[in-house]
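Scroll down for the structure; my scribbles are underneath it.
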Amino acid sequence: MTSKLGGYMGKMLDVNLTTGKVENYWISDDDRQRFLGGKALAAKILWDELPPGVCPLSPENIMVFTTGPLTGTGAPCSARFNLSTKSVATGGIASSNCGGDLGIRLKQAGWDGLIVRGAAKQPTHLEIDGAKVRLRSARKLWGKNTEEVQAGLGRKVATAAIGQAGENLVRYAAIMVGERALGRTGVGAVMGQKKLKLITVTGGDHKVPASDETGLRESIRKWTAILKSHPTTGEQLPKYGTAGLLTGTNATKTLPTENFRKGSFKSWETISGEYMTENVLVKNSGCRACPIRCGRVVEYQKREIKGPEYETLGMLGPAIGNSSLEHVIEWNYLCDLYGLDTISTGGTLACAMELAERGLLKDDGLRFGNPEGISEMIRRIALREGIGNDLAEGAMRLAQKYGAPELAMHAKGLELAAYEPRGAVGHGLGYATANRGGCHLNGGYLVYLEALGPITMDPHTTKAKPELVVMQQNLMEAISACGSCIFTSYPVIPQLAPRWYNPHGLTAAAVDKVFQGLRFVLVSQGRLGPGALPIHPPFLPHTKALSALMGQNIHMGRFLAAGERGFVLERLFNLREGLVSADDSLPPRLTDELQDPSNPDSRVRLDVMLPRYYKVRDWDARGIPSERLLRKLGMEFALGMATRLRVDNSPHRARRMALRAREEESVQEQLKGARTAAPR
Amino acid sequence: MATVKLLSHMATAAGTAEVEIEAATVGRLIRILEERFGDEFGTLLKACKVIVNGRSVVALKLKRTPLRPGDEVSLLPPLAGG
Ligand code: SF4
């Protein structure tokens, strides 16, 4: 069973590390049309393949690597691929997206994706060479960093490797794909539990089949022109990288400073994108097939290495009170070597610093603004040494252990990204409702509409924010599912010429009102179903490219519905695994304390926005998707589970909480094993 | 006196990153800046967001937003996340 649709190679690779069995995994064209690919399709595979209640750090957990139909077609920014699994950080769904070569190489080798099951007894290297698949010993690689593991394999080999952090099951261990990272949600720990040190993909010369090659090339040409002419994707990102956002987040008080106590940092200039461009930038870099090239190559100790992007600057800069770009570059590099997520590393360090400031955690070195000892602490986290072992658990568990859970800036157990949501309250709603936890992208990235984009609205009003968050979450899920970089969503918000739009004049006020008024339009559109919006708007070129590629009319309505399906299925996965509506929350600092005492709206009013958000999504008061919604989206397969969740009352809920507690015990067992195995 | 922060390429255009200006409203402050730094600066200024103490004037009173001594006004051009 291959595929009649363009864009797909027709099969996935299914490898069991326990048994050594290698098989094909088949997906139906029906599922491909409903979920497209990427994280949405991965959610469907997890839903089908992973029994509820599995411990994330056990051989029973599976890793699902998926590409999108556009991956490898040459469409702009389409090198992206996704990894989903059960999260060691949240106990719900984990998903991580990456622009390294692995996705493209998988398709060239003839595979739409890869499923990894079981766990090897010894350190293992999974070698995929076209149709040939081998499991080799990686004993010599165990204990090595990601640079050493990936060195010397050649440009034609795509790699995915864990460092010492993954081996030691650090809850925010990353997987490095060349220099790019599958960073968030601790996917490196899942790979480490499976004793899978390295994946390599090479071989094959398969071309991604297109239904209408000429139509696809034409839409790619137009799409590239759109990206090049938009101020964010055509100028800001190429010129300053994502680091260029820092000046804006600081000015709009959305730059998390000293563990999110403040939204701006007095010494921001020396870690800004402008400063980086003027002082250390060597050249731009980017994922393959990308006309934007937001990556940075910087000079560090006479070497050219990967420069930090915005999130890293924010979380290893102001979030811990650091104003030295050189230190951020060094720590970013160290995190990559050990295989640690920089956002969670920064969030956990910030939490530890505040615990130390309050005298709850005794460690002399940990102080806001003190760079001494941070490099060493990163090493201790990766090796789970001393207090590093506590920090390796992430901010939520660290703060719980030291008696001040309110000091962990997280959602669902995942550290928040580098936006202070009291300066953009819709963004806060996004954090609270993102399925993978405190993520800016999965949360809909509303800060772009509220503070950073070319046209913006009142960042503190709660009006229309639930509706806009829902729209953005569905849109970004769809963009990710098709294999495209999330940054291709920027042109949805147009740059208007100054004669039409004055950002401090009456037109700005009018645009603000239009945004707020959109809530009526968005709600009625949401109710209509996938058949609505049979259009291909120029600001969303993905739909035309997909239609030419797949040989189907993937208009805007169908595109958004695919995104919504992915989002809703991830939600159901979380509910099934024991997460409840109370997990759609933020730390009290962000919901109860005013960022600016003179502005009564400078806190995230989840109490106002969340009930409305559930309504707009057509979820019930406990956040469970309605039967009507599941039927509208053609997700009848999930009706049984949704019904069971709906009739669940408190004793059942208690049972689900017990399930999570049991899972946690099992994780702790694994961690004990990891600690004894950690190199000293 | 309000402190005006000229961000990103607005600083290059003005030749300084910060100025102190006495003005009763944002509108008045904009006129003073246009007069002081010239037409080219004025054109760039038209595309800038104006942020008073971290709040966009869109959420305040636009050009009629009053300024008090000690206020911090940021001029944020589109290419700096504006
Ligand atoms: S915009 Fe940046 S992250 Fe996205 S594909 Fe291009 S280089 Fe990769």
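The values are calculated or read from the model by the stated rules, or taken from the named source; none is laboratory data. Remember, predicted model here, so these are calculated numbers, not experimental data. So basically every Cβ, Gly included, is an ideal-geometry build from the backbone, and we count neighbours across all protein chains shown. Quick note on the areas: whole protein, heavy atoms, side chains included, nothing else; ligands and nucleic acids left out. Shrake-Rupley method; radii C 1.70, N 1.55, O 1.52, S 1.80 Å.
Structure above, values below:
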item	result
Residue list for region B:24-37, restricted to those being of a type in the set (A, V, I, L, M) and within 14 Å of chain A (Cβ to nearest Cβ)	B:Val26, B:Leu29, B:Ile30, B:Leu33
Region A:188-200: number of residues that are closer than 19 Å to A:Glu147 by Cβ and assigned to a helix (DSSP H, G or I)	3
Total residues in region A:550-607, condition surrounded by fewer than 18 Cβ atoms within 10 Å (Cβ to Cβ), of a type in the set (A, V, I, L, M) and modelled with pLDDT under 95	2
Members of region A:343-379 found to be buried (at least 18 other Cβ atoms within 10 Å of the Cβ) and not hydrophobic (A, V, I, L, M, F, W, C), listed by number	A:Ser344, A:Thr345, A:Gly346, A:Gly347, A:Thr348, A:Glu354, A:Pro371
Given (1) more than 14 Å from chain B (Cβ to nearest Cβ); (2) under 27 Å from A:Thr247 (Cβ atoms); (3) not in a loop (DSSP other than H, G, I, E, B), index of the condition A:Arg422 fails	(1)
Which listed residue is open to solvent by 10 Å² or more (accessible area, probe 1.4 Å), of a type in the set (A, V, I, L, M, F, W, C) and touching a residue at least 40 places away in the same chain (Cβ under 8 Å), from A:Val187, A:Val157, A:Val149, A:Val201	A:Val157
Residues of region A:498-521 that turn out to be within 9 Å of chain B (Cβ to nearest Cβ), farther than 26 Å from A:Met476 by Cα and among the hydrophobic types (A, V, I, L, M, F, W, C), as a count	2
Residue in region A:492-506 that is in contact (Cβ under 8 Å) with a residue 24 or more places away in the chain, surrounded by 24 or more Cβ atoms within 10 Å (Cβ to Cβ) and in a loop (DSSP other than H, G, I, E, B) present	yes
Test result for A:Leu135, assigned to a strand (DSSP E or B), open to solvent by 20 Å² or more (accessible area, probe 1.4 Å) and more than 16 Å from the ligand (Cβ to nearest atom)	yes
Subset of region A:226-274 (residues that are within 16 Å of the ligand (Cβ to nearest atom), part of a loop (DSSP other than H, G, I, E, B) and either without any contact (Cβ under 8 Å) to a residue 12 or more places away in the chain or small (Gly, Ala, Ser) (or both))	A:Gly241
Members of region B:38-54 found to be away from chain A (no Cβ under 13 Å) and in contact with a Leu (Cβ under 8 Å, 6 or more places away or on another chain), listed by number	B:Phe41
Check on A:Lys306, assigned by TED's automatic domain parsing to the domain that holds A:Thr247 and either open to solvent by less than 30 Å² (accessible area, probe 1.4 Å) or within 13 Å of the ligand (Cβ to nearest atom) (or both)	yes
Qualifying position, being more than 14 Å from every other protein chain (Cβ to nearest Cβ), away from the ligand (no atom under 16 Å from the Cβ), crowded, with 21+ Cβ neighbours inside 10 Å and touching a residue at least 12 places away in the same chain (Cβ under 8 Å), among A:Gln108, A:Gln122	A:Gln108
Region A:258-272, subset open to solvent by less than 10 Å² (accessible area, probe 1.4 Å) and away from chain B (no Cβ under 12 Å), residue farthest from A:Leu407 (Cα to Cα)	A:Ile271
Qualifying residue in region A:210-229 (condition: surrounded by fewer than 22 Cβ atoms within 10 Å (Cβ to Cβ), of a type outside the set (Phe, Trp, Tyr) and within 26 Å of A:Leu337 (Cα to Cα))	no
Top-ranked residue of region A:459-491 - restricted to ones that are part of a loop (DSSP other than H, G, I, E, B) and within 14 Å of chain B (Cβ to nearest Cβ), ranked as surrounded by the most Cβ atoms within 10 Å (Cβ to Cβ)	A:Pro459
Residue match in region B:2-9 (condition: surrounded by fewer than 18 Cβ atoms within 10 Å (Cβ to Cβ) and at the interface with another protein chain (Cβ under 9 Å from one of its Cβ atoms))	yes
Test: A:Leu391 is touching a residue at least 40 places away in the same chain (Cβ under 8 Å) and over 30 Å from A:Lys197 (Cβ atoms)	no
Hey, A:Arg293 in contact with a strand residue (DSSP E or B) (Cβ under 8 Å, 6 or more places away or on another chain) and either assigned by TED's automatic domain parsing to the domain that holds A:Thr146 or modelled with pLDDT under 95 (or both) or not	yes
Region A:592-613: number of residues that are free of Cβ contacts under 8 Å to residues at least 40 places away in the same chain and in contact with a Ser or Thr (Cβ under 8 Å, 6 or more places away or on another chain)	1
Residue among A:Ala89, A:Ala75, A:Ala79 that is more than 16 Å from the ligand (Cβ to nearest atom), part of a loop (DSSP other than H, G, I, E, B) and buried (at least 24 other Cβ atoms within 10 Å of the Cβ)	A:Ala89
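Let's see how each residue does on (1) more than 14 Å from every other protein chain (Cβ to nearest Cβ); (2) in a loop (DSSP other than H, G, I, E, B); (3) within 16 Å of the ligand (Cβ to nearest atom); (4) crowded, with 24+ Cβ neighbours inside 10 Å:
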residue: A:Ala42; (1), (2), (3), (4): yes, no, no, yes
residue: A:Ser58; (1), (2), (3), (4): yes, yes, no, no
residue: A:Thr66; (1), (2), (3), (4): yes, no, no, yes
residue: A:Ser96; (1), (2), (3), (4): yes, no, yes, yes
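Residues checked against (1) within 16 Å of the ligand (Cβ to nearest atom); (2) within 26 Å of B:Arg55 (Cα to Cα); (3) touching a residue at least 40 places away in the same chain (Cβ under 8 Å):
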residue	(1), (2), (3)
A:Tyr402	no, no, yes
A:Lys412	no, no, yes
A:Thr433	no, yes, yes
A:Arg436	no, no, yes
A:Thr456	no, yes, yes
A:Ala464	no, yes, yes
A:Ala481	yes, no, yes
